[in-house]
Amino acid sequence: MHIASDGTWYYMGTPIHRERLVRLFASILRREDDGNYSLVTPVERYGIEVEDAPFTAVAMTVTGMARGQTISFRTNVGDEVTIDEAHPLRFATTELPGELRPYALVRERLEALVSRPVFYDLVELGTTHGANGDECFGVWSGGVFFAMASAADLDL
């Protein structure tokens, strides 16, 4: 089994189209201390390959504004996660200059890659924070500022 970078689950090279089956597998997915992924039942542990992140954030809701703002995501497997200190956003750089890949922690070491359309909506919420030349561009959620990039790098 493996999960493609677009969030599609495969078994023996064939996409799994039954949403309920994918959600069942997602509910028993674990990330091991060594970074590998496994499907874990009370009697068995089965290794699974994950190309990028096991889940994809496909929808976003926002309540409040500015520092009082709260951002929540819904994943492709139906998980709802509110971004805060316990469920942070992180932004990884890619080989392409200036390209970011946003990830949200869903549950214990399992992340969702924020889909490109949702990322565009997230950027629209962005603001600068900091002082003395250390300003960053990012978003507030759950009382925490999540920096995407240095404001100087973005010419803000």
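Readers should treat all values here as calculations from the given coordinates under stated rules, not as data from a laboratory. The model shown is predicted, which means the values in this text are computed figures rather than measured ones. Cβ coordinates were reconstructed from backbone atoms using ideal geometry, including for glycine residues, and neighbour counts include every protein chain displayed.
Below are the figures for this structure:
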| quantity | calculated |
| --- | --- |
| Contour excess over end-to-end distance, with Cα ends at Arg67 and Thr128 and 0.36 nm allotted per residue | 20.8 nm |
| Region 1-70 - Kirkwood radius from inverse mean 1/r over Cα pairs (Å) | 13.8 |
| Of Thr63, Thr94, Thr127, the one that fluctuates the most in a GNM where the chain has Cα springs shorter than 10 Å | Thr94 |
| Rounded FRET efficiency, nearest 0.05, which uses the C-beta distance separating Phe91 from Arg31 and R0 of 22 Å | 0.70 |
| For the chain, calculated [θ]222 nm from helices alone, where every DSSP H run of n ≥ 4 adds -39500 (n - 2.57) | -3500 deg cm²/dmol |
| Over region 55-150, relative contact order from alpha-carbon pairs under 8 Å, at least 6 apart, % | 28 |
| P(r) of the chain over all Cα-Cα pairs, binned every 5 Å from zero, in whole percent | 2, 9, 17, 20, 17, 14, 10, 6, 3, 1, 0, 0 |
| Potential extension, Ser150-Arg23 segment - 0.36 nm per residue separation minus Cα distance | 42.0 nm |
